[in-house]
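*Asks:* Take this structure, written in structure tokens, and hold onto it; I'll ask about it next.
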Amino acid sequence: MSGSHRDCEPPYLYPDYRSTVRRAPAREPVRLPAEWFDELPGPVFGRVPVLQTDADLTRQHQGEPLGERIVVSGRVVDSDGRPVRHTLVEVWQANAAGRYVDPVDDHPAPLDPNFTGAGRCLTDGEGRYRFVTVKPGAYPWRNHENAWRPAHIHFSLFGPSLASRLVTQMYFPGDPLMPNDPILQSIPDQRGRDLLVAALDLELTEPEWALGYRWDITLRGRNATPREL
Amino acid sequence: MVATPRRASSKLSQDHVPTPSQTVGPFFGYALPFDADAGAASGAGALRIEGRLLDGDGKPVPDGMIEVWGGRQFARCSTDAEGAFHFAVTKPGTTRDDEAPHLEVTVFARGLLRHLATRLYFPDEEAANADDRTLNLVDPDRRHTLTAQLDGAVLHFDIRLQGELETVFFAL
């Protein structure tokens with residue numbers, strides 16, 4: 001892996017994101033030989049039934065949620081270019097007002113009785129996934145003076161190996177909060193940051209119903225080497 | 001669909017930069033499925049594992065998520081206000097002579113821009129642990145951070161993100 005690829009990953013310690021300061025390990029991680037790495041099979045998350053309706057976050061309650069209805073779809077491949085088939089994709093997000101259902105969230109924006117903001121699906125035989133949801137709102141956090149997170153959707157994916165496990169966030173194109181967000185800006189290389197920004201896609205847009213955003217995801221494949229700290 | 005060539009070119013793999021990681025954040029608890037008992041196993045042979053996730057000040061991390069994997073068992077547990085997590089698993093077997101039974105442990109939390117990987121080894125496997133090829137790559141003074149402690153009927157395993165007793169993590 002070239003140096004530029006490494007710069008596409010955030011470091012553990014990034015003091016502008018305050019929570020990293022007492023949580024980032026200080027010591028070098030122990031490196032396993034690359035050939036052992038290939039032998040590590042990944043977890044199989046087989047205990048959660050995935051229903052077709054789990055991929056439509058606008059149909060989990062009696063009524064429809066408020067907000068801008070969107071389709072988020074893309075393809076999951078590994079870093080060798082192969083589709084990652086039938087893998088679990090989990091998403092969670094704030095509602096259109098920027099509020100999470102989570103009891104930990106005390107931002108005084110309204111909850112939406114018609115929106116939970118959690119979904120899951122399996123990729124199809126070509127590695128594709130598709131969710132219907134509403135565009136999440138920005139929300140304040142206490143990291144620094146007047147800190148606001150850009151709109152984002154959290155993603156969790158498994159893939160075939162322990163190395164392919166990924167938890168990340170998808171952002172929306174043109175969001176003016178992105179340059180001020182230390183979580184996104186922790187990624188040193190602009191190309192890495194760009195990989196987290198979806199593209200508006202009129203092919204995915206359903207006319208007179210929902211805007212479409214495309215976001216493709218690359219999981220680490222067999223030929224990827226361990227990341228640096 | 002046309003099949004993707006298995007080995008197209010080195011250029012292709014260069015083009016597929018892995019999607020960067022971002023923190024799990026603090027607000028996942030309502031959204032991700034957790035077993036009420038964080039159990040991958042129950043009944044005879046099930047071991048109870050309890051531990052705490054601690055930061056560099058030794059304070060509990062109340063918004064972490066731990067996943068364990070081994071012997072075809074997977075379980076996920078969020079940490080509580082005391083940073084505590086627990087699992088019920090059976091001890092996995094091994095397929096190699098130079099590998100001791102262990103669980104792969106993955107740590108997510110607010111403030112972790114990337115997840116962390118560690119391992120849990122079993123205290124009653126002293127001989128196998130001594131021959132384990134992975135443990136043998138670890139500084140002998142730090143190997144104890146990877147071995148659970150037997151505490152009555154419970155295996156105790158704390159994960160320390162920083163500090164003098166920082167847990168050994170593996171490069172992913």
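The values are calculated or read from the model by the stated rules, or taken from the named source; none is laboratory data. A quick note: this is a predicted structure, and the numbers were derived from the prediction, not measured. No Cβ is skipped: glycine too gets one built from the backbone with ideal geometry, and neighbour counts run over all protein chains shown.
*Asks:* Using the structure shown, decide if A:GLY46 is within 9 Å of chain B (Cβ to nearest Cβ), touching a Leu at 6+ places or on another chain (Cβ under 8 Å), assigned to a loop (DSSP other than H, G, I, E, B) and at pLDDT below 95.
*Replies:* no
*Asks:* Among (1) closer than 30 Å to A:ASP16 by Cα; (2) facing chain A (nearest Cβ under 10 Å); (3) modelled with pLDDT under 95, where does B:GLY111 come up short?
*Replies:* Result: B:GLY111 passes all but (3).
*Asks:* Please count how many residues of the range A:140-197 are touching a strand residue (DSSP E or B) at 6+ places or on another chain (Cβ under 9 Å) and among the acidic types (Asp, Glu).
*Replies:* 2
*Asks:* Can you spot a residue in the range B:149-156 that is assigned to a loop (DSSP other than H, G, I, E, B) and either more than 12 Å from chain A (Cβ to nearest Cβ) or without any contact (Cβ under 8 Å) to a residue 12 or more places away in the chain (or both)?
*Replies:* Yes, the range B:149-156 contains a residue that is assigned to a loop (DSSP other than H, G, I, E, B) and either more than 12 Å from chain A (Cβ to nearest Cβ) or without any contact (Cβ under 8 Å) to a residue 12 or more places away in the chain (or both).
*Asks:* Consider only pairs whose beta carbons are under 6 Å apart and that are at least six residues apart or on different chains; among these, list those whose first residue lies in the range B:15-35 and is within 7 Å of chain A (Cβ to nearest Cβ) and whose second residue is in a loop (DSSP other than H, G, I, E, B) and of a type in the set (Asp, Glu).
*Replies:* That search, which allows pairs on different chains as well, returns B:PRO20/A:GLU9; B:PRO26/B:ASP63; B:PHE27/A:ASP102; B:PHE27/A:ASP105; B:GLY29/A:ASP102; B:TYR30/A:ASP102.
*Asks:* Would you confirm whether any residue within the range A:143-159 is among the basic types (Lys, Arg) and closer than 16 Å to B:PRO26 by Cα?
*Replies:* Yes: one or more hits.
*Asks:* Okay, next question. Between A:VAL77, A:VAL72, which is within 16 Å of A:LEU162 (Cα to Cα), at pLDDT 95 or above and not in a helix (DSSP H, G or I)?
*Replies:* A:VAL77 is the lone residue from the list that is within 16 Å of A:LEU162 (Cα to Cα), at pLDDT 95 or above and not in a helix (DSSP H, G or I).
*Asks:* Another question, if that's okay. Any residue at all in the range B:95-108 that is charged (D, E, K, R), assigned to a strand (DSSP E or B) and more than 28 Å from A:PRO182 (Cβ to Cβ)?
*Replies:* Checked the range B:95-108: at least one residue is charged (D, E, K, R), assigned to a strand (DSSP E or B) and more than 28 Å from A:PRO182 (Cβ to Cβ).
*Asks:* Now a separate question. Would you kindly identify the strands (runs of 3 or more DSSP E) lying entirely within the range A:126-229 that contain at least 2 residues that are within 9 Å of chain B (Cβ to nearest Cβ)?
*Replies:* A:152-157, A:166-171, A:217-219
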